[in-house]
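Everything on this sheet refers to the single structure shown next.
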Amino acid sequence: AEAESAAAAEDAGPGVQYEGLKIIREGKIFKIQLNRPKKYNALTHDMYRGIAAALAEAAEDKACSVAVLTGAGDYYCSGNDLSNFTNVTPDQIPKMAKDARYILIDFVRAFIDFPKPLISLVNGPAVGISVTTLGLCDAVYCSDKATFQTPFSNLGQSPEACSSYTFPKIMGPAKANELLIFNKKINAQEAFDRNLVSEVIPHDKFQEETAKRIEQYSKFPPQSMRLSKVLNRSSELETLRRVNEAEAELLEERWQSQECMNAIMAFFARK
Amino acid sequence: AEAESAAAAEDAGPGVQYEGLKIIREGKIFKIQLNRPKKYNALTHDMYRGIAAALAEAAEDKACSVAVLTGAGDYYCSGNDLSNFTNVTPDQIPKMAKDARYILIDFVRAFIDFPKPLISLVNGPAVGISVTTLGLCDAVYCSDKATFQTPFSNLGQSPEACSSYTFPKIMGPAKANELLIFNKKINAQEAFDRNLVSEVIPHDKFQEETAKRIEQYSKFPPQSMRLSKVLNRSSELETLRRVNEAEAELLEERWQSQECMNAIMAFFARK
Amino acid sequence: AEAESAAAAEDAGPGVQYEGLKIIREGKIFKIQLNRPKKYNALTHDMYRGIAAALAEAAEDKACSVAVLTGAGDYYCSGNDLSNFTNVTPDQIPKMAKDARYILIDFVRAFIDFPKPLISLVNGPAVGISVTTLGLCDAVYCSDKATFQTPFSNLGQSPEACSSYTFPKIMGPAKANELLIFNKKINAQEAFDRNLVSEVIPHDKFQEETAKRIEQYSKFPPQSMRLSKVLNRSSELETLRRVNEAEAELLEERWQSQECMNAIMAFFARK
């Protein structure tokens, strides 16, 4: 059934091509698939920009009533590609950090401002920013093989994608800070219990079951869904935008810190 | 035991009569019962106004220390009576929509501003505004036969009773928007797990067990309860009032939309 | 293993001594132990001031990367020592209430403003302000023998430590107000399910297991943890400060009320 439904789907077709992403349009569904499976869908700067641009395209696309974000292969997403930090010489670090700050702001802003329902299908392990952005989605379905980890502090970094605000709101500070400060890794059931995830689905039925739900959702009255989504977000829109900028400002500083450099060098030394 | 306690209860007595409602005063308890069981306690405009007036009466009533909201018969409440929309000719729709907007604002405002503990006893299925108002109650006890559904978007409508704000706060956006945007129906245990409900009680003990709890609560120091309730609400009072007005404004527009008319006509065609 | 690790720990050593508290410094861990086990660690005014001062010391202490709060003996803390109210003659009550208000504000403010991760180890029953302050901690580990109760309204009082704001945010109003208004006592598993607690640990492994976690956390990059903590709190810092002052203002009034005096006299009469 999976193979058939994949075969039936329209490929990117006439649309824009995005580096490291595959855009799949099926009926009223606009699906953004992270498509760098050999790197566990780690996000390059091009992919950050591509996702933001694809969301903007979906927002404008009159044929699209719901957008979907998922990963190709076994991983959902292994987070920020750390080679984003290591492909630069020491004297280029301040510029790299500044650029990364604004790439991050624009990327997260695309989630905050997205005016239609946005559904994440977490097909496998999720790390870092692919976990924190879940707090900005409208529904999250995950495979029972999914795991969730945000190893910010042991990489010398700090939370992003408004998770410093959304995670304590979603699961309370005692559980949020275990993830955001203490690097705790949780499984699918724990993510469900913590309200980060809408539903856990057995891995072998994941594609089929999520396709069914999204197909159904895509047929609800589109204006009603769009206006409800915008309404639901409106009471915290200004907070989210402000938090996004504050988080990115702190990260610019963190990325230039000795703690972060040491942690990233230790990470590559272990590899 | 149920029959006895019902027999012991004072009926409305000297108080005001409200269309479609039964007011029951027992000790320090002021109970508002939706009393239109043949229509599954669907809310007419008179009942919206009546509930707001009854809450105002309970707020002023010195003998009342806690207020209770429940339904007569098998249903808690089937939501807004859709015939509110269909008893008008097309040219009356703009006026109907505007009137309904202000009836809704006043109704929800009565919940927001209610200065004493307000307890909901969800004796059976709950739909629409009877679900969303639970987010404004101080305790919610439900029968294990209760279900909860807010089919806004497939009726071409959008959330009310501050649920666009309270539901994401209570259960996180991934679970809230399944209800508010994607029309998901949940059972009693799911409503408990999502923190919408304080406790699930077996249906055959529901009246007895809830009577016991409310009897006990009604005897706590009333000023302390009242001031605690007002305090607990105070940090979000302005937000709730603002959200209520924004939601009602959007609904006025929605009720005049083609999506809404089509959905309501399809609903009655299915009946 | 417990005895050994306790023996290995450095006692207060050169630091300040705080009445009713024991300060234990181990590596990068600054541990504040409530040390009045014969009174179930009930908090005297000296202990309120001492905890605030100890947190300020930990904030400044360059050797400290995480702070820990726990209790000596079988109880975590039985809350505010009610003899704080009864050791005064009736004409001294207004001054006592005013003093207590400002002691409370400073105490809670020390939690709000604490700039490093703060972990609570709830080793046994927790009552009143020792429960409400959990909403201001970054991780909460509890023994499976722990219980949680905030009997404010049946003591004629009202919520503190920002719980009027944090508890509805953490667990939704239907569950929060059962605790804050209706005096419900919950067990360890319920506190976990309500997101007040990060993890429940079997009592006989509690010291060992929590020591392991805290040891691990204390070794993460300290600046990254500190800045993440401050960031996570920043979006609600002003709200927390304002709520703290409003709660304390109401309590000053409550402590002078007839309801409160009656309740406290009844409490001592039962003893």
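The values are calculated or read from the model by the stated rules, or taken from the named source; none is laboratory data. None of these values were measured; they are calculated from a predicted model. Don't worry about glycine lacking a Cβ; one is built from the backbone with ideal geometry, like all the others, and counts go over all protein chains shown. Note: areas computed on protein heavy atoms with side chains; ligands, DNA, RNA excluded. Shrake-Rupley method; radii C 1.70, N 1.55, O 1.52, S 1.80 Å.
Worth pointing out:
- Chains C and A together, accessible area buried on both sides, 1.4 angstrom probe, square angstrom: 2400
- Dipole magnitude for the range B:112-271: computed about the Cα centre from +1 point charges on Lys and Arg Cβ and -1 point charges on Asp and Glu Cβ, it is near 300 debye.
- Reachable aspartates and glutamates, given that their alpha-carbon falls under 12 Å from the alpha-carbon of residue A:39 and they are not under 8 places away in the same chain: A:74, A:81
- Counting Cβ atoms of other protein chains within 10 Å of each residue's Cβ and taking the mean over peptide B:197-209 gives 1.
- Rg/Rh for the range A:180-243 (Cα atoms only, Rh after Kirkwood) is 1.08.
- Interatomic Cα distance distribution for the protein assembly as shown, bins of 20 angstrom, percent: 16, 46, 32, 6, 0
- Beta-bridge orientation, the protein assembly as shown: approximately 30 percent antiparallel, per DSSP, counting only bridges with both partners inside.
- Scalar couplings 3J(HN,Hα) for the range C:38-53, obtained by applying the Karplus form with A = 6.51, B = -1.76, C = 1.60 to θ = phi - 60°, are 5, 9, 6, 6, 4, 8, 7, 4, 4, 5, 4, 5, x, 5, 4, 5 Hz; x denotes Gly and Pro.
- Distance between the range A:17-53 and the range C:166-195 - C-alpha centres, whole angstrom: 41
- DSSP-defined antiparallel bridges as percent of all bridges, chain B, nearest 5: 30
- Amide hydrogen proximity for residue C:184: with H placed 1.01 Å from N in the peptide plane, the residues at 5 or more positions away or on another chain lying under 5 Å are C:179.
- Reachable aspartates and glutamates, given that their alpha-carbon falls under 19 Å from the alpha-carbon of residue C:62 and they are not under 8 places away in the same chain: A:259, C:10, C:11, C:26, C:113, C:215
- Relative contact order %, the range C:76-153, counting alpha carbon pairs below 8 Å whose residues are six or more apart: 36
- With Cα atoms defining each centre, the range B:104-131 and the range B:68-95 are spaced 15 Å apart in the structure.
- Taken about its Cα centre, chain B carries a charge dipole of roughly 160 debye when the Cβ of each Lys and Arg holds +1 and the Cβ of each Asp and Glu holds -1.
- Residue-level result for chain B: its Cβ closest to the axis carrying B onto C, with that distance in Å, is B:169, 4.
- Relative contact order of chain B, defined on C-alpha pairs under 8 angstrom at six or more residues apart (%): 19
- Which listed pairs, of A:229/B:175; A:229/B:169; B:169/B:205; A:219/B:184; B:116/B:185, have C-alpha distances above 23 Å, in listed order: B:169/B:205; B:116/B:185
- Partner chain coverage, peptide A:244-252 - average Cβ within 10 angstrom: 2
- In nanometers and ordered shortest first, the copy-to-copy spacing of the residue B:92 label point, defined 7 Å from Cα toward Cβ, is 7.2, 7.2.
- Counting from the shortest, the label point at residue C:209, 7 Å from Cα toward Cβ, is 2.8, 2.8 nm from the same position in each remaining copy.
- The mean of 1/r over all distinct Cα pairs in the range C:97-189, once inverted, gives the Kirkwood hydrodynamic radius of 13.7 Å.
- Residues whose placed amide H lies under 5 Å from that of residue C:147, excluding near-sequence neighbours: C:126
- DSSP bridge pairs, the range C:9-82: antiparallel proportion in percent, nearest 5: 50
- Occluded residues from the range B:133-182, i.e. those whose accessible area drops by 50 Å² or more once the chain is not alone (1.4 Å probe): B:138, B:153, B:164, B:169, B:173, B:174, B:175, B:178, B:181, B:182
- Across the range C:211-227, coupling constants 3J(HN,Hα) worked out from phi with the 6.51/-1.76/1.60 Karplus curve, θ = phi - 60°, read 4, 4, 4, 5, 3, 4, 4, 5, 9, 5, x, x, 5, 5, 5, 5, 5 Hz, and Gly and Pro carry x.
- Burial ranking of peptide ranges C:168-177, A:86-95 (average Cβ count within 10 Å, highest at the top): C:168-177, A:86-95
- Nonpolar atom fraction for chain C, defined as the carbon and sulfur part of the 1.4 Å probe accessible area, stands at 51 percent.
- Per-residue mean of C-beta atoms belonging to partner chains within 10 Å, peptide C:232-238: 6
- Sorted from shortest to longest, the distances between the residue C:266 label points of this copy and the other copies are 5.7, 5.7 nm, with each point 7 Å from Cα along the line through the beta carbon.
- Per-residue ellipticity at 222 nm from helix content only, as computed over chain A with -39500 (n - 2.57) for each DSSP H run of at least four residues, stands at -14500 deg cm²/dmol.
- Lys/Arg +1, Asp/Glu -1 at C-beta; the range C:202-253 dipole; positive extreme among C:234, C:250, C:211: C:211
- Note that the range C:207-271 shows a convex hull volume over its alpha carbon atoms of 136 Å³ per residue.
- Counting only protein heavy atoms and a 1.4 Å probe, the protein assembly as shown has 39 square angstrom of accessible area per residue.
- Whole-Å semi-axes of the ellipsoid equivalent to chain C (Cα gyration tensor, √5λ, descending): 29, 20, 19
- Nearest-20 debye value, the range C:1-160 charge dipole, Cβ charges on Lys, Arg, Asp, Glu: 240
- Phi angles of the range A:74-89 translate, via the Karplus equation with coefficients 6.51, -1.76, 1.60 and θ = phi - 60°, into HN-Hα couplings of 7, 9, 6, 5, 8, x, 4, 5, 5, 5, 3, 8, 9, 7, 10, 7 Hz per residue; Gly and Pro are given as x.
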